[in-house]
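Some notes on the structure that comes next.
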Amino acid sequence: MQPKLHMTLKVNGEEVEASFAPYKTLLEVLREDLDLTGTKHGCELGECGACAVLIDGEPQLACLVLALECEGRSVQTVEGLANGTQLHPLQAAFADRGGSQCGYCTPGMLMTAKGLLDKEPQPSRERIREAIAGNICRCTGYNQIVEAIEAAASELAGSKR
Amino acid sequence: MSAKERLEVVGQVRRRVDGRGKTTGQTRFADDLALPRMVHCKLLRSPHPHAVIEEIHTEKAKQHPGVHLVLTGKDFPIPFGIMPVSQDEYALANVRVRYVGDPVAAVIAKDEQTALEAIELIEVKYRPLPTISDPVEALETAEPRIHDYGERGNIHRNQAHEFGDVEEALAKSDHVFEDTFFFQGNTHLPMEQQASLAAVEGDGKLLLSTSTQNPHYLHRQLACVLQMPASQIRVIACNNGGGFGGKCDPANHEMVVSKAALLLGRPVKICLTREEVFYQHRGRHPVLMKFRTGVTKEGKLTGMHLQTLLDGGGYGSHGAASTFYTGVLTPVTYELPRFKFEACRVFTNKPPCGPKRGHGTPQPRFGQEVQLDKIAEKLGMDPAELRLGMVTKDNSLTANWLRIGSNGLAECIREVVRRSNFKEKHRKLPHGRGVGLACSAYMCGAGVSIYWNKMPHSGVQLLLDRSGQVTVLCGATEIGQGSDDVLAAIVAEVLGIATSEVRVLTGDTGLTPVDLGSYSSRVTVMMGNAALQAATRVRDQITVAAAEQLNTLPERVVLSQGRVFAAEDPGKTLSFVEAVALAESKFGTLGAVGSYAPPKAPGKYKGAGAGPSPAYSFSACVVEAEVDPKTGWITVPKIWIAHDVGRAINPVHVRGQVIGSVYMGLGEALMEEQAFRRLPPKLSSALVHKIPSMLEYKSLTSLDMPEVDVALVEYPDPNCPFGAKEAGQGPLLPVMPAVANAVYDAVGVRIDEVPITPEKILKALELKSQGKPARVGPENFPAVPYPAPRFVLPPWEGGDGGELKSADGTPARKAKVAA
Ligand code: FES
Ligand code: FES
């Protein structure tokens, strides 16, 4: 048995310590060692997008990243999206506009969408569809997810004005 | 009833009650659960499609460090199965394995890694048996039998019904159309892989938290397999990360972790890998179909003879019901004077098929609607007008004695035709572009339970107290379809409060009244009616208590927007909390239950239990397709759908259910396929799953998915709460035939099977260029040894819904009542 690593990670703006076997993925460490079960898995092979998180602001599949690669990098998960009890506009729009049915793809979708809006605050519908093309959703048929992301983009643009 | 006139919650666009939990990552799915001292389970699965287990050695695995327990078939002597007639599965295979992936042994260890290592140390000696790979082979191969029950050989179910003399009707028709179709199997692919956590709680009882759609049926089956009183078992259905029918069957892994938790006295968890989810399957049956349909030259149906052959896979699953559903709903859309339906399900050595969204009905609907397109062309009629001329009526009976209540099909057709400009496009677009129309109907809950009983199908309990808090409990399961929101909305509407004031607790056999589960589109209607009854009972207590205070009559008391007042004097009000406190003072602790059982169906023949429903939903769909004649590539730029939902409880989410159904239907139409291949002879010739991964099992991404224009048509049904019918399955059904019809309109080739792939289109175009029939689809229908049909007269021929029998009790061919 390999000895465990002890490492400090920066998750949702907080420094957290964790000890884990070196072969563990970021997904496993988030869910199993840090109890951040908001991030989901649908394949653990990089095929579904359910595990998407932001690493240094970039959407990444947490099942394909070793946790030990994340030392010194900033990881954002769905748990860090709301501001206190106030939902992020993306969360509110998903909840209000049918962007989330079973909710299983939702955390990965939200983080992917946040990655997009952080860089491109007013993306076209085509850009949104492209950005979430790696996130499989079996429930919604995507239409209402795209609409929710558009609504959140307008909401965010409005609040900045 | 109270004096309130307008609906305030029902019909409004609202944030769903579980929206916050799902967008913050707080919703706990089964694999998100963990308990102190938890250990992990992995299953060893069969590498053979069909074999006898001769020996199994587990010593090495047991000695592996970190292993707590190893279980095999010997630990599970009692079989199970969702249908009482198909108790044919063992939690771990005892003697025989029947598909690649059939669970054989389980290891419970300190972590998944250790369990995986130990699995490798189990030695199993198999004696391979001949593999039966498809229905034709199953019909031809009487031995070896995959199961020692069923009709005979490898036929699981075999049945025939005839409603009126169909041959006579066909003989008198102006035209008889004969077509064969094939619908390939596909799988649910829920985003959440099944997971379960079993533990013995502090009170000594077993708790299983699991991704199931049907906690009640699982509860019963667990009691049986574990040989424990059901009262000692509690099943919690966690929120399902998508179900689509794939989490309806009680599953092997649920039995295994439950048994292990009882033996070890510590929590045991399992989460299936994505590959294992493909083996668990229970998805869409591959179905071969033959339709012989008679029509008049004016375009009215005269009679139909439908034959189906289902590839069931290795176990019974819901197959007995699936077999019926490949035909029983066929007469619901259009007036069909006579109907003969023969169906056969065979066992094959593949993962078992079962219920997937639309359960058994999408397959014949595909054939029926494509055939109608051919009929319209032959008769020189517009496909929409042909259909409009024969839609079933409100409050009517079908040839097979199903009672239709509200029926918005005609309006659905008119609506999609108008919105899509169908008439300006059909047969008029340039080569390579086309539009197709198709319709469907679906049930709002099965009229009979899976096991025979006289108890309610759904129960709801409501608790209120002086704080004004309202808690509603029901055994229904939230699988993404929004059932928690429907429950809260119905209670909130009756009590005049907002859904955010209602606490919803569902899917827990230890706390919530029985609801049969989230299948067959039954929840809105059945749970909804139970909730309506419970809430009305509580409201009656509140209005009596408030009337005294308000100096009015109870029936004049209005509950609206958190206030309670007399209709004639809205100025003088009580808050909802005050009114509840008055009711608690007057009546004592408040609460009520409500329950619902569907109305008795009019059919009396054997088999009449499949098909009846309190109500039917209707849908019509237009698909626009672009087909590249060089590559066969199909692009779908837009889909229009109209769905008669009776009444939309929450329109934004009904629209979501409809679009989600269209999405899944389009995936089935174009690409989804649960396919198998034979290994080369030197590797045993075994039949293996071609694609047990998400990368290879193609499904639509956001880039493939077109915009869907949704029209909600609302024909409230008197059997339904506030008139609300289903929306989660019905809208899937017209999509596949609409795609096929659009492809024909675009390039003039008939693809009479699903999925409709570029290869098939190219092959059909090639045939066309050779002057051959431009069609790809099954060439013939095998000779299935169907039994003599049960003969029942349709309602309009003087029947009473019962089977006609000869004096010796055998099915009578004919008994003309009116001589
Ligand atoms: S879990 Fe599917 S992509 Fe990571
Ligand atoms: S909401 Fe269920 S998978 Fe997307």
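The values are calculated or read from the model by the stated rules, or taken from the named source; none is laboratory data. Here the structure is a predicted model, which is why all the values come from computation and not from measurement. Using ideal geometry, Cβ is built from the backbone for each residue, glycine included, and neighbour counts are taken over all protein chains shown. Side chains included, ligands, DNA and RNA excluded: accessible areas come from the protein's heavy atoms. Shrake-Rupley method; radii C 1.70, N 1.55, O 1.52, S 1.80 Å.
Figures for the structure shown
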| item | result |
| --- | --- |
| Of residues in segment B:184-229 being acidic (D, E) and open to solvent by 10 Å² or more (accessible area, probe 1.4 Å), the one farthest from ligand 1 (Cβ to nearest atom) | B:D203 |
| Qualifying residues in segment A:109-161 (those that are out of contact with any Gly (no Cβ under 9 Å at 6 or more places or on another chain) and acidic (D, E)) - the one nearest to B:L703 (Cα to Cα) | A:E130 |
| Filtered residue count, segment B:689-731, keeping only those that are hydrophobic (A, V, I, L, M, F, W, C), out of contact with any strand residue (DSSP E or B) (no Cβ under 6 Å at 6 or more places or on another chain) and away from chain A (no Cβ under 14 Å) | 3 |
| Selection count where residues are open to solvent by less than 40 Å² (accessible area, probe 1.4 Å), under 18 Å from B:C271 (Cα atoms) and not β-branched (V, I, T), scope segment B:15-39 | 6 |
| Matching residues in segment B:419-436 - criterion: being on the phi < 0 side of the Ramachandran plot and in a loop (DSSP other than H, G, I, E, B) | B:H426, B:K428, B:L429, B:P430, B:H431 |
| Spans of strands (runs of 3 or more DSSP E) in segment A:1-57 with at least 2 residues within 13 Å of ligand 1 (Cβ to nearest atom) and within 17 Å of A:N135 (Cα to Cα) | A:52-55 |
| B:G632 vs. criteria open to solvent by less than 50 Å² (accessible area, probe 1.4 Å) and assigned to a loop (DSSP other than H, G, I, E, B) | yes |
| Verdict on A:T77 being open to solvent by less than 10 Å² (accessible area, probe 1.4 Å), in contact (Cβ under 8 Å) with a residue 24 or more places away in the chain, at the interface with chain B (Cβ under 10 Å from one of its Cβ atoms) and more than 16 Å from ligand 2 (Cβ to nearest atom) | yes |
| Subset tally (residues that are in contact with a strand residue (DSSP E or B) (Cβ under 6 Å, 6 or more places away or on another chain) and surrounded by fewer than 17 Cβ atoms within 10 Å (Cβ to Cβ)) for segment B:40-65 | 5 |
| Selection from segment B:686-696 of residues that are out of contact with any Ser or Thr (no Cβ under 7 Å at 6 or more places or on another chain) and assigned to a loop (DSSP other than H, G, I, E, B) | B:K690, B:I691, B:P692, B:S693, B:M694, B:L695, B:E696 |
| Pair list, Cβ under 6 Å, 6 or more apart: segment A:82-100 residue within 7 Å of chain B (Cβ to nearest Cβ), other residue within 16 Å of ligand 1 (Cβ to nearest atom) | A:S100/A:T106 |
| Helices (runs of 4 or more DSSP H) contained in segment B:303-407 and holding at least 2 residues under 30 Å from B:G150 (Cα atoms) and open to solvent by less than 10 Å² (accessible area, probe 1.4 Å) | B:319-325, B:362-379 |
| Evaluation of A:A18 against (1) within 19 Å of B:G241 (Cα to Cα); (2) away from ligand 2 (no atom under 16 Å from the Cβ) (one fails), failing number | (1) |
| Within segment B:66-85, tally of residues that are assigned to a loop (DSSP other than H, G, I, E, B), out of contact with any Asp or Glu (no Cβ under 9 Å at 6 or more places or on another chain) and touching a residue at least 24 places away in the same chain (Cβ under 8 Å) | 5 |
| Answer from A:A67, A:A148, A:A62, A:A131 - the residue that is among the aliphatic types (A, V, I, L, M) and open to solvent by 20 Å² or more (accessible area, probe 1.4 Å) | A:A131 |
| Strands (runs of 3 or more DSSP E) wholly inside segment B:558-614 that include at least 1 residues being of a type in the set (S, T, N, Q) | B:569-575, B:590-596 |
| Segment B:498-519: number of residues that are among the polar types (S, T, N, Q) and open to solvent by less than 20 Å² (accessible area, probe 1.4 Å) | 3 |
| Test: residue in segment A:23-36 that is of a type in the set (S, T, N, Q), buried (at least 21 other Cβ atoms within 10 Å of the Cβ) and within 11 Å of chain B (Cβ to nearest Cβ) | no |
| Verdict on B:Q12 being part of a helix (DSSP H, G or I) and open to solvent by 40 Å² or more (accessible area, probe 1.4 Å) | no |
| Among the residues listed as B:T477, B:T398, B:T392, the single one being within 14 Å of chain A (Cβ to nearest Cβ), hydroxyl-bearing (S, T, Y) and under 25 Å from the mean Cα position of the chain (by Cα) | B:T477 |
| Per-region count, segment B:700-739, residues part of a helix (DSSP H, G or I) and either open to solvent by less than 10 Å² (accessible area, probe 1.4 Å) or of a type in the set (G, A, S) (or both) | 10 |
| Condition check for A:A148: of a type in the set (A, V, I, L, M, F, W, C), within 30 Å of B:G246 (Cβ to Cβ), within 13 Å of another protein chain (Cβ to nearest Cβ) and part of a helix (DSSP H, G or I) | yes |
| Selected residue [in the same structural domain as B:D373 (by TED's automatic domain parsing) and in contact with a helix residue (DSSP H, G or I) (Cβ under 8 Å, 6 or more places away or on another chain)] from B:G611, B:G562, B:G591 | B:G611 |
| Every residue from segment B:408-434 that is in contact (Cβ under 8 Å) with a residue 12 or more places away in the chain and open to solvent by 80 Å² or more (accessible area, probe 1.4 Å) | B:R414, B:R419, B:R427, B:H431, B:R433 |
| Answer residue from segment A:90-111, given it is out of contact with any Ser or Thr (no Cβ under 6 Å at 6 or more places or on another chain), part of a helix (DSSP H, G or I) and away from ligand 2 (no atom under 12 Å from the Cβ) and is nearest to A:V53 (Cα to Cα) among those | A:M111 |
| Which listed residue is of a type outside the set (A, V, I, L, M, F, W, C), within 14 Å of chain A (Cβ to nearest Cβ) and more than 30 Å from B:K374 (Cβ to Cβ), from B:N252, B:N240, B:N214 | B:N240 |
| Residue check for A:A92: within 16 Å of ligand 1 (Cβ to nearest atom) and of a type in the set (A, V, I, L, M) | no |
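Matching residues to (1) open to solvent by 50 Å² or more (accessible area, probe 1.4 Å); (2) modelled with pLDDT under 95:
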site: B:N741; (1), (2): no, no
site: B:I761; (1), (2): no, no
site: B:P773; (1), (2): yes, no
site: B:G777; (1), (2): no, no
site: B:P782; (1), (2): no, no
site: B:L793; (1), (2): no, no
site: B:E803; (1), (2): no, no
site: B:G809; (1), (2): no, yes
